[in-house]
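The values are calculated or read from the model by the stated rules, or taken from the named source; none is laboratory data. Predicted model only: the values in this text are computed from it and were never measured. Here Cβ is always computed from backbone atoms with ideal geometry, including for glycine, and neighbour counts include all displayed protein chains. Keep in mind that these areas ignore ligands, DNA and RNA; they rest on the heavy atoms of the full protein, side chains included. Shrake-Rupley method; radii C 1.70, N 1.55, O 1.52, S 1.80 Å.
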Amino acid sequence: MNKNKRLLKHLLWIVGLIVVFAFCFIPTHYYVEGVGSAENTNQFVKVNGQRDQHKGHFMLTTVGIQGPVTGLQLLLSKTQPFTEIISRDELMGDDDTEAYDQIQKYYMESSINFAIEAAYQKAHQEYHTQYLGVYVMSILDNSAFKKDLAIGDTITAIDQHQFKSANKFVKYVQGLKVNQKVTISYEHNGQRKTATRKLIKLPKSRYAGLGITLTDHSKIVTKVPVKIDAGEIGGPSAGLMFTLQIYNQLTKQNLTGGRKISGTGTMDPDGTVGPIGGIDKKVLIASQEGAKVFFAPDDPVTKAILKVEPHYQNNYALAKAAAKKIGTKMKIVPVKNLDDALDYLAKH
């Protein structure tokens, strides 16, 4: 009997150790979204070959994504301010890690283009849009091009036809027949390639297609050269801060007044500032890094939004609440567009 008890005790110890090991070292399907970093935009931007020489600087803010995390890391995340646990599906959907990273890279590239366009328009500097092709955002499993294309590739031509917009590309393909062979030219990781495959019947449609989701891929070409290299940072939320940095250098102003000016928000070519995610985390890191001002998108709270989500709070409201929670003296400034940010900097 004692022998059986000892054996049971040993088995329980072994099971316990396995459980502890799994809890501490085996990744789950969850990620932790927490505080990222506040980065000096000057390190990413060159206008006319030069970096900004003024005192003070603009700072873009990021959200940190950690994962997939272990059970222990999930537990520890509960001790950190403004952290959220998100599932892999919530973060990436059906994409794998590589595809997710490529999409984030595209969003950053688009954000940079819009920032350049908005800044050059405001500064009355010359620029034009150069169309590169259609950007592959997703690929259906039954696409004949599944083994050729990857998310992030740019299709530059089909049957040697080039187009000036994704819509014109789609209309051309819709005029073709299911199972008809087409030859596409595309760029993959900087290399030019071609592939000839059959078109498929698109789901819930009578039209033929390649079996991809696509969007316009273009870049802004300027008379006064500008170069932005965001490194490993992805997503569209640095648009406003890149726009301010470019405009500051184009106009040779000192908009910061020697201060650290932080913020977040997408940027449209017309200067509209759009909402982003994780603004509470960005407020915290900006405050920790000594920012005096934080620009927060003041996106409209419409009746339609409140009907679906009665307790909805926009980015500005969330940023104000976060600032109050951490007790920062950093000024939270609402901005609907580029002019709002420029007007504030001119007056303060």
Quiz item: How much solvent-accessible surface does T28 expose, in Å² to the nearest 10, with a 1.4 Å probe and all protein chains in place?
Solution: 40 Å²
Exercise. Keeping all protein chains in position, work out how much accessible area V301 exposes to a 1.4 Å probe, and write it in Å² to the nearest 10.
Key: 70 Å²
Self-check item: Rounded accessible area of Y247 (nearest 10 Å², 1.4 Å probe)
Solution: 30 Å²
Practice problem: Treat every Asp and Glu Cβ in the stretch 1-150 as -1 and every Lys and Arg Cβ as +1, leave all other atoms uncharged, and give the resulting dipole magnitude about the Cα centre to the nearest 20 debye. | Solution: 1100 debye
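Heavy atoms only, probe 1.4 angstrom, no DNA, RNA or ligands counted: give me L342, L17 ranked by accessible area, highest first. Present the calculation step by step, with values, prior to reporting the outcome.
Details: L342 15, L17 110 Å².
I get L17, L342, largest accessible area first.
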Quiz item: Mind checking the log10 I(q)/I(0) for the stretch 1-159 at q = 0.08, 0.12, 0.21 Å⁻¹? Debye, one equal scatterer per Cα, no solvent, two decimals.
Solution: -0.47, -0.85, -1.30
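How much of the accessible area of the stretch 1-149, in percent, comes from carbon and sulfur atoms when a 1.4 Å probe is used?
Working: 5230 of 9260 Å².
The nonpolar share, carbon plus sulfur, comes to 56 percent.
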Self-check item: Listed residues E309, E33, E90, E232 arranged by accessible area, highest first, probe 1.4 Å
Solution: E232, E90, E309, E33
Self-check item: Of K78/K281; K324/K347; K171/K204; K281/K331, those spanning more than 21 Å from alpha-carbon to alpha-carbon
Solution: K324/K347
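List the pairs from K227/K336; K303/K336; K105/K307; K260/K320; K105/K146 whose alpha-carbon separation is above 28 Å, in the order I gave them. Numbers along the way, then the final one.
On the way: K227/K336 26 Å; K303/K336 18 Å; K105/K307 34 Å; K260/K320 18 Å; K105/K146 21 Å.
Too far apart for the 28 Å limit: K105/K307.
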Exercise. Give me the aspartates and glutamates in straight-line cross-link reach of K193: C-alpha distance below 18 Å, same-chain residues under 8 apart excluded.
Key: D148, D153, D159
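Using helices alone, I'd like the mean residue ellipticity at 222 nm for the chain: each DSSP H run of four-plus residues gives -39500 (n - 2.57), total over residue count, nearest 500.
-11000 deg cm²/dmol
Taking all pairs of distinct Cα atoms, average 1/r, flip it, and tell me the Kirkwood hydrodynamic radius of the chain in Å to one decimal place.
Numbers: mean 1/r = 0.0433 Å⁻¹.
Its Kirkwood hydrodynamic radius stands at 23.1 Å.
Could you calculate the FRET efficiency of R6 with Q80 from 1/(1 + (r/R0)^6), where r is the beta carbon distance between them and R0 is 30 Å, rounded to 0.05? Mind dumping the intermediate values first?
Numbers: r = 43 Å, r/R0 = 1.42.
Calculated value: 0.10.
Taking only protein heavy atoms and a 1.4 Å probe, what accessible area per residue, in Å², does the stretch 245-348 have with all protein chains in place?
Per-residue value: 49 Å².
Which percent of the accessible heavy-atom area of the stretch 294-336 goes to carbon and sulfur, probe 1.4 angstrom? Show your work: numbers first, answer last.
Numbers: 1650 of 2770 Å².
Carbon plus sulfur share of accessible area: 59 percent.
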